[in-house]
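Asks: So that we are looking at the same thing, I have put the structure below in structure tokens.
What follows draws every value from the coordinates through simple rules; no lab data is involved. Because the structure is a prediction, the values reported are computed rather than measured. Cβ atoms come from the backbone with ideal geometry, glycine included; neighbour counts cover every protein chain shown.
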Amino acid sequence: MKVTAIAASPRSGQMTHTVLNYTLDKIREINPSVTTELISLADKVISPCTACGYCNKNFSCSINDDMEPIIDNLKESRPDVLIMGSPVYMGSMSAQAKAFFDRTVLFRRNNFAFKNVIGCCIAVGASRNGGQELTIQAMHAAMLIHGMLVIGDSAPTAHFGGTGWARVPGGYENDPDSLATYDSLAQRIVETLALIKQTPKEAK
Ligand SMILES: Cc1cc2nc3c(=O)[nH]c(=O)nc-3n(C[C@H](O)[C@H](O)[C@H](O)COP(=O)(O)O)c2cc1C
């Protein structure tokens with residue numbers, strides 16, 4: 001069982017990366033047999049999709065940039081879960097996250113390769129209520145378009161996913177409300193993985 005997180009912040013090691021790593025640690029703590037990977041989009045050049053149509057006929061992208069190895073990785077490692085983590089930028093996902101999603105259209109155009117991959121999100125804003133839920137909703141839309149199985153966080157928080165506040169005094173560890181959403185998201189991921197693994201192959 002493999003969980004891959006995409007950190008779509010241009011700032012390596014800041015809040016988005018930190019809380020994704022926290023969530024991945026939690027997942028492995030709940031179920032040590034799960035393997036995890038974090039792919040950072042910081043310092044990477046991921047150009048916007050140019051709608052060239054190349055991926056209608058090829059399972060690859062015509063643009064040669066840093067998305068190429070990420071596409072190869074996702075094709076080869078075939079994660080069971082994709083966690084998308086984005087900072088809130090102007091009430092929505094970062095440009096890096098949007099470019100990433102647009103460039104993954106090739107998976108949709110090649111037999112819906114992301115179909116039934118479990119998808120979930122974490123959004124981090126500088127304001128407590130700065131658009132985290134809107135950001136997650138926008139990212140959920142892309143996941144639904146892939147035919148992914150979109151999940152939020154589990155009870156007792158049970159809303160849209162991980163919602164983080166970057167300016168909490170003393171750092172993210174002093175923000176029990178946000179931590180509860182990451183914990184519940186990790187719980188929900190492990191629960192859903194267990195359900196999927198029980199499902200007979202022909203039903204998937
Ligand atoms: C261009 C830009 C737009 C932003 N817009 C919002 C916003 O709408 N709401 C919010 O709460 N924070 C906003 N922020 C703050 C970031 O979401 C916040 O700093 C977050 O921690 C960044 O993630 P990082 O620490 O992983 O880089 C914005 C930051 C930038 C650079």
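Asks: HN-Hα J couplings of the range 66-75 from phi, Karplus 6.51/-1.76/1.60, θ = phi - 60°, integer Hz, Gly and Pro as x?
Replies: Coupling constants for the range 66-75: 6, 6, 4, x, 5, 4, 4, 4, 5, 5 Hz.
Asks: Here's a follow-up. Given all pairs of different Cα atoms, what value in angstroms does the Kirkwood hydrodynamic radius of the range 132-176 take?
Replies: Final number for the Kirkwood radius of the range 132-176 is 12.1 Å.
Asks: Also, quick follow-up: Please figure out what share of the DSSP beta bridges in the range 67-143 is antiparallel and state it in percent, rounded to the nearest 5.
Replies: 10
Asks: Considering only the chain, what is the antiparallel percent among its DSSP beta bridges, to the nearest 5? The partial results should precede the final answer.
Replies: Numbers: 1 of 25 bridges.
If we restrict to bridges inside the chain, about 5 percent are antiparallel.
Asks: Per-residue ellipticity at 222 nm for the chain, helices alone: DSSP H runs ≥ 4 residues times -39500 (n - 2.57), over residue total, nearest 500 deg cm²/dmol? Please list the in-between numbers first.
Replies: Details: 6 runs with 78 residues, N = 204.
Per the formula, -12000 deg cm²/dmol.
Asks: Amide H of Ala5: which non-local residues (sequence gap of 5 or more, or other chain) have their own amide H closer than 5 Å, using H built in the peptide plane?
Replies: Excluding prolines and chain starts, which carry no amide H, the hits are Glu37, Leu38, Ile39, Ile83.
Asks: Read phi for every residue in the range 163-168 and hand back ³J(HN,Hα) as whole Hz from Karplus 6.51 cos²θ - 1.76 cosθ + 1.60, θ = phi - 60°, with x for Gly and Pro.
Replies: For the range 163-168, the Karplus curve yields 10, x, 10, 6, 9, 5 Hz.
Asks: Next up: Counting other beta carbons within 10 Å of each Cβ, put Ile122, Ile196 in order, fewest first.
Replies: Fewest-to-most ranking of Ile122, Ile196: Ile196, Ile122.
Asks: Continuing with the same structure: How large is Rg/Rh for the range 1-108, to two decimals, with Cα atoms and a Kirkwood Rh?
Replies: My calculation puts Rg/Rh at 0.98.
Asks: Per residue, how big is the convex hull around the C-alpha atoms of the range 2-198? Give it to me in cubic angstrom, could you?
Replies: Taking only Cα atoms, the range 2-198 has a hull volume of 106 Å³ per residue.
Asks: Which FRET efficiency value, to the nearest 0.05, do you get for Ser62 and Ile30 by plugging their Cβ-Cβ distance into 1/(1 + (r/R0)^6) with R0 = 30 Å?
Replies: It comes to 0.15.
Asks: With θ set to phi - 60°, apply the Karplus curve 6.51 cos²θ - 1.76 cosθ + 1.60 along the range 142-150 and write out the HN-Hα couplings as whole Hz, x wherever there is a Gly or Pro.
Replies: 4, 5, 5, 5, 7, x, 7, 9, 7
Asks: Are any of the pairs Lys57/Lys115; Lys44/Lys115; Lys26/Lys75; Lys44/Lys197 more than 23 Å apart by Cα-Cα distance, and if so, which?
Replies: Working: Lys57/Lys115 19 Å; Lys44/Lys115 26 Å; Lys26/Lys75 25 Å; Lys44/Lys197 34 Å.
Table pairs above 23 Å Cα-Cα are Lys44/Lys115; Lys26/Lys75; Lys44/Lys197.
Asks: Please report the antiparallel percentage of DSSP beta bridges with both residues in the range 1-112, rounded to the nearest 5.
Replies: The antiparallel fraction comes to roughly 10 percent.
Asks: Kirkwood Rh over Cα pairs of the range 62-113 into Stokes-Einstein at 4 °C, 1.567 mPa s: D in µm²/s? All intermediate terms of the calculation are to be shown ahead of the outcome.
Replies: Numbers: Rh = 12.3 Å.
It comes out at roughly 106 µm²/s.
Asks: Which cross-chain or sequence-distant (5 or more) residues have an amide H under 5 Å from the amide H of Cys121, H modelled 1.01 Å from N in plane?
Replies: Answer set, sorted by chain and number: Met84, Gly162.
Asks: Could you tell me the relative contact order of the chain? Use alpha-carbon pairs under 8 Å, at least six residues apart, and round to a whole percent.
Replies: 22
Asks: Charges only on Cβ, +1 for Lys and Arg, -1 for Asp and Glu: so what's the dipole of the chain about the Cα centre, in debye to the nearest 20?
Replies: Charge dipole, the chain, about its Cα centre: 600 debye, nearest 20.
Asks: Going highest first, how would you order 22-29, 96-103, 111-118 by mean Cβ packing within 10 Å?
Replies: 96-103, 22-29, 111-118
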